[in-house]
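Q: One structure, as structure tokens, below. Some questions next.
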Amino acid sequence: AGLFLLIGFIKKLGWSESILQSALGCAYGPRGVTYILAGLGLSVLARFVDDPDRLDPGLALFAGWVGDPDLAGLRCFFASGAAADRREILTELNGEMKKLNDASDSWAATLECLAEQLIREFALRVRGLRHASRSFVVKNCFALPGRIGVEEKRMLVQVSPSPFHVALHISSMDELVERVIWLDGRRLEFQLEGL
């Protein structure tokens with residue numbers, strides 16, 4: 001459930017729109033966003049593999065699969081794509097030109113680069129996490145269990161207690177997120193347990 005804390009941040013960065021406007025977005029449409037977010041979620045949690053045989057239900061929802069995830073399509077997506085396509089995604093989402101060739105060698109490298117950037121940017125905005133290691137941020141913010149309620153127009157995410165919930169709340173990381181396009185336009189609401 002903690003992964004959902006990244007959704008508002010991803011939306012503010014405009015990543016879904018950038019993916020849709022890329023060559024991969026043109027080829028795959030909204031599924032391209034779902035596939036990249038699934039890979040990003042796996043990378044954030046240090047669980048990325050090119051040929052996943054299952055996805056955690058929360059991670060599948062995070063990526064935009066309200067029903068069963070299309071694992072065959074996801075595996076096909078990770079097996080395809082040229083380095084130029086991954087480089088375009090990195091340029092659009094990362095904004096830095098450094099090390100793009102290395103990071104575009106494979107989906108694992110591309111998604112790792114994006115996950116590292118996202119976690120770093122997120123941690124810089126949360127008091128108490130600015131100098132924390134990646135593993136510490138992931139453990140205390142994103143790898144948290146919880147409950148996710150899916151309704152017609154909203155998702156309610158209840159994240160299990162963490163000592164950093166106050167800092168997340170003060171930093172507005174638990175704000176309501178309106179119209180998440182990859183969640184079929186649902187709004188996203190949070191309840192940080194223990195807050």
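The values are calculated or read from the model by the stated rules, or taken from the named source; none is laboratory data. Quick caveat, the model's predicted, so the values are computed rather than measured. Reconstructed Cβ throughout: ideal geometry from the backbone, glycine too, with neighbour counts over all protein chains shown. Protein only, heavy atoms only, side chains kept; ligands, DNA and RNA dropped before computing areas. Shrake-Rupley method; radii C 1.70, N 1.55, O 1.52, S 1.80 Å.
Q: What does the charge count around Gln21 come to, taking other residues whose C-beta lies under 14 Å from its C-beta (Lys +1, Arg +1, Asp -1, Glu -1)?
A: Net of charged neighbours comes to -4.
Q: Convert each backbone phi in region 120-129 into a coupling constant with the Karplus relation 6.51 cos²θ - 1.76 cosθ + 1.60 (shift: θ = phi - 60°), then list the ³J(HN,Hα) values in order as whole Hz, x for Gly and Pro.
A: Along region 120-129, the couplings run 4, 5, 4, 4, 5, 8, 10, 4, x, 10 Hz.
Q: So, one more: What are the ³J(HN,Hα) couplings of region 163-178, residue after residue, when phi is run through the Karplus curve with 6.51, -1.76, 1.60 and θ = phi - 60°? Round to Hz, x for glycine and proline.
A: x, 9, 4, 4, 5, 5, 5, 4, 7, 6, 6, 10, 5, 4, 10, 7
Q: Another question, if that's okay. Of the beta bridges DSSP finds with both residues in the chain, what % are antiparallel, to the nearest 5?
A: Restricted to the chain, the bridges split so that about 55 percent are antiparallel.
Q: Along its principal axes, what span do the Cα atoms of region 33-117 show, with the longest given first and each in whole Å?
A: Projected onto the principal axes, the Cα atoms of region 33-117 cover 37, 23, 19 Å.
Q: Sticking with this structure for a sec: Roughly what angle does helix 30-44 make with the longest principal axis of the chain, taking Cα atoms, 0 to 90 degrees, to the nearest 10?
A: Taking the Cα atoms of the chain, the angle to 30-44 is about 60 degrees.
Q: Could you identify which residue out of Gly41, Gly32, Gly149 has the top mean-square fluctuation in a GNM of the chain using Cα springs shorter than 10 Å?
A: The residue with the greatest mean-square fluctuation here is Gly149.
Q: Could you state the number of Å between the C-alpha centres of region 130-145 and region 154-195?
A: A separation of 16 Å, based on Cα centres.
Q: Could you check the spin-label model distance between Arg147 and Glu17? Points 7 Å from the Cα along Cα→Cβ, value in nm.
A: According to this spin-label approximation, the distance is 3.6 nm.
Q: Something else now. So what are the ³J(HN,Hα) numbers for region 188-195, from phi and the Karplus equation (6.51, -1.76, 1.60; θ = phi - 60°), rounded to whole Hz, Gly and Pro as x?
A: Residue by residue, region 188-195 yields 10, 10, 10, 10, 8, 5, x, 8 Hz.
Q: Could you check the spin-label model distance between Leu124 and Ser160? Points 7 Å from the Cα along Cα→Cβ, value in nm.
A: 3.1 nm
Q: If you don't mind, there's one more thing I want to ask. Mind listing the long-range amide H neighbours of Arg154? Cut-off is under 5 Å, sequence gap 5 or more, other chains count too, H placed in the peptide plane at 1.01 Å from N.
A: Placed amide hydrogens put Arg187 under 5 Å from Arg154.
Q: What translational diffusion coefficient, in µm²/s and rounded to a whole number, does the Stokes-Einstein relation yield for the chain at 37 °C and a viscosity of 0.692 mPa s, taking the hydrodynamic radius as the Kirkwood radius over Cα pairs?
A: Stokes-Einstein gives a translational diffusion coefficient of 196 µm²/s.
Q: Please list, in chain and number order, the residues 5+ apart from Gln191 or on another chain whose amide H is under 5 Å from its amide H, with Hs placed from the backbone.
A: Correct list: Val157, Gln158, Val159.
Q: So, one more: Summing Lys, Arg as +1 and Asp, Glu as -1, what charge do residues with Cβ under 14 Å from the Cβ of Ser133 carry, Ser133 excluded?
A: +3
Q: Sticking with the crude label model, points 7 Å out along Cα→Cβ, report the distance from Cys26 to Arg47 in nm, one decimal please.
A: 3.5 nm
Q: Would you mind working out the accessible area per residue for the chain, using a 1.4 Å probe, and quoting it in Å²?
A: Computed with neighbouring chains in place, this is 48 Å² per residue.
Q: Kindly express, to the nearest 10 degrees and within the range 0 to 90, the angle between helix 83-94's C-alpha long axis and the longest C-alpha principal axis of the chain.
A: 30 degrees
Q: Would you check the accessible area of Trp65, probe 1.4 Å, heavy atoms only, in square angstrom rounded to 10?
A: Solvent-accessible area, nearest 10 Å²: 10 Å².
Q: If contacts are Cα pairs under 8 angstrom and at least 6 residues apart, what is the relative contact order of the chain in percent?
A: Worked out over the chain, it gives 25 percent.
Q: Quote the FRET efficiency, to the nearest 0.05, computed for Ser80 versus Ser133 with a Förster distance R0 of 41 Å and r equal to the Cβ-Cβ distance.
A: 0.75
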